[in-house]
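Chemist: Below are the structure tokens for one structure; questions will follow.
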């Protein structure tokens, strides 16, 4: 999956932040940059679906569930130019990306399997 900076920021600001106000994406990198200008970055997303509805383009909306989640670590290639992120490339096709987040909050079977994702709590009816 490839995101350019504007697409990623739009997704974060307009889809994820309203639904998950305490979104945390913990990065780790050794700072080494390859010949193409990319650094390898490991990230792990955590948060609490306590805000509004999660609205990903082309997928059914997911009403606030009250669920706390911790996705598995994900490996990304990140290109930074003049102090700004220009490109993000997800390297793994595992259960740690944005579809895993969607599936974790929407329920198994609506996106990808969430068997390895950690979810706790739920909103009381």
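Chemist: Identify the single condition in (1) buried (at least 19 other Cβ atoms within 10 Å of the Cβ); (2) touching a helix residue (DSSP H, G or I) at 6+ places or on another chain (Cβ under 8 Å); (3) farther than 16 Å from residue 91 by Cα that residue 20 does not satisfy, given that it satisfies every other one.
Modeler: (2)
Chemist: Find all pairs meeting these conditions: Cβ atoms under 6 angstrom apart; at least six residues apart or on different chains; first residue within the stretch 58-86 and over 16 Å from residue 36 (Cβ atoms); second residue at pLDDT 85 or above and assigned to a loop (DSSP other than H, G, I, E, B).
Modeler: 61/53; 61/55; 63/53; 64/49; 65/49; 67/49
Chemist: Another question, if that's okay. For the stretch 18-85, give me every one of the strands (runs of 3 or more DSSP E) that falls completely inside it and has 1 or more residues that are closer than 15 Å to residue 99 by Cα.
Modeler: On the way: elements: 24-28, 38-48, 68-70, 74-81.
It comes to 38-48, 68-70, 74-81.
Chemist: Residues being at pLDDT 90 or above and in contact with a strand residue (DSSP E or B) (Cβ under 6 Å, 6 or more places away or on another chain): count how many of those fall in the stretch 48-73.
Modeler: Residues in the stretch 48-73 being at pLDDT 90 or above and in contact with a strand residue (DSSP E or B) (Cβ under 6 Å, 6 or more places away or on another chain): 7 in total.
Chemist: Then there is this: Check the stretch 97-109 and report whether any residue there is at pLDDT below 85, under 15 Å from the mean Cα position of the chain (by Cα) and assigned to a strand (DSSP E or B).
Modeler: Checked against the condition, which is being at pLDDT below 85, under 15 Å from the mean Cα position of the chain (by Cα) and assigned to a strand (DSSP E or B), the stretch 97-109 yields no hits at all.
The values are calculated or read from the model by the stated rules, or taken from the named source; none is laboratory data. This structure is a prediction, so every number in the text was calculated from the model and none was measured. All Cβ positions, glycine included, derive from the backbone under ideal geometry; neighbour counts span all protein chains shown.
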